[in-house]
1. Given H placed on each backbone N at 1.01 Å, which residues far from Arg127 in sequence or on other chains put an amide H within less than 5 Å of it?
2. So if R0 is 30 Å, what FRET efficiency would Ile161 and Glu10 give, r being the distance between their Cβ atoms, rounded to the nearest 0.05?
3. Of [x] 68, 33, 29; [y] 62, 37, 26; [z] 51, 35, 27, which one was derived for Cα extents along the principal axes in Å from the structure shown?
4. If the chain between Ser135 and Ala104 were fully stretched, how many nm would it gain, using 0.36 nm times the residue separation less the Cα-Cα distance?
5. Quick one: if the Förster radius is 25 Å, what FRET efficiency do Ala111 and Ala40 give, using the C-beta to C-beta distance and rounding to 0.05?
6. Could you compute the net charge surrounding Glu23? Neighbours are other residues with a C-beta less than 15 Å from the C-beta of Glu23; K and R count +1, D and E count -1.
7. Roughly speaking, what is the stretch gain from Tyr80 to Val151, that is 0.36 nm per residue apart minus the C-alpha to C-alpha distance, in nm to one decimal?
8. Please identify the longest segment of the chain free of exposed chymotrypsin sites (Phe, Trp or Tyr not before Pro), where exposed means a DSSP state other than H, G, I, E or B and no more than 11 other Cβ atoms within 10 Å.
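The values are calculated or read from the model by the stated rules, or taken from the named source; none is laboratory data. Here the structure is a predicted model, which means the values were calculated and not measured. Virtual Cβ from ideal backbone geometry, glycine too; neighbours counted across all protein chains shown. In case anyone asks, the SASA skips ligands and DNA or RNA and just uses the protein heavy atoms, side chains included. Shrake-Rupley method; radii C 1.70, N 1.55, O 1.52, S 1.80 Å.
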Amino acid sequence: MTGLTNDRPENLADLLGRWDEPEMGPVPPVADEDFPEVCAFLDRWIEVIDAPGEADRVRLLNALLAEAAAYPRITEHDGYGWHLHYRDDGTRLPAVLRAVTSVAAAEYLTATSLHRLGRCAATECRRAFIDFTRSGTQRYCTHACVNRDAVRRHRARKKEIQAR
């Protein structure tokens, strides 16, 4: 989901081209009017990522979960084996994206820690990330940003020492 947050799809075709079937299942029913609804969901998802504290993050995520509410059911289809669906059959793309993202985030964040959604600490980046590290202390979206920021800090210290 951070891929769609960091690099917003330009249109419905772009979104469908990035649909990750092994991760999210087969592409759900789609209509031309779905793209604005997906964009509205992405805006709300950004609010979850940027929530200033755990209580705010939970409130925002619970609102998304309430909209995605359907009784969970075990299903098997299209060669994906037995798995849970948190949506009604025939649900269109925006609702599926909201349900899959919200439930997966709620499961992961409550099993680990609610602070594991964040923004890259590199001031020139600020891309969203999900912290999957064992320690739960990730601050950067990629190793490239870690390295760039380390070089920037090193050069700033060196410049400060030379200025003395």
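1. Those qualifying (amide H under 5 Å, at least 5 residues apart or on another chain) are Cys120.
2. Values: r = 47 Å, r/R0 = 1.55.
So the FRET efficiency works out to roughly 0.05.
3. Here the calculated entry is [x].
4. Details: separation 31, 0.36 × 31 = 11.16 nm, distance 2.00 nm.
Roughly 9.2 nm would be gained on extension.
5. On the way: r = 28 Å, r/R0 = 1.12.
That pair, Ala111 with Ala40, gives E of 0.35.
6. -3
7. Working: separation 71, 0.36 × 71 = 25.56 nm, distance 4.49 nm.
In short, 21.1 nm is gained.
8. On the way: sites that count: Trp82, Phe132.
Longest gap between qualifying sites, sites excluded: 1-81.
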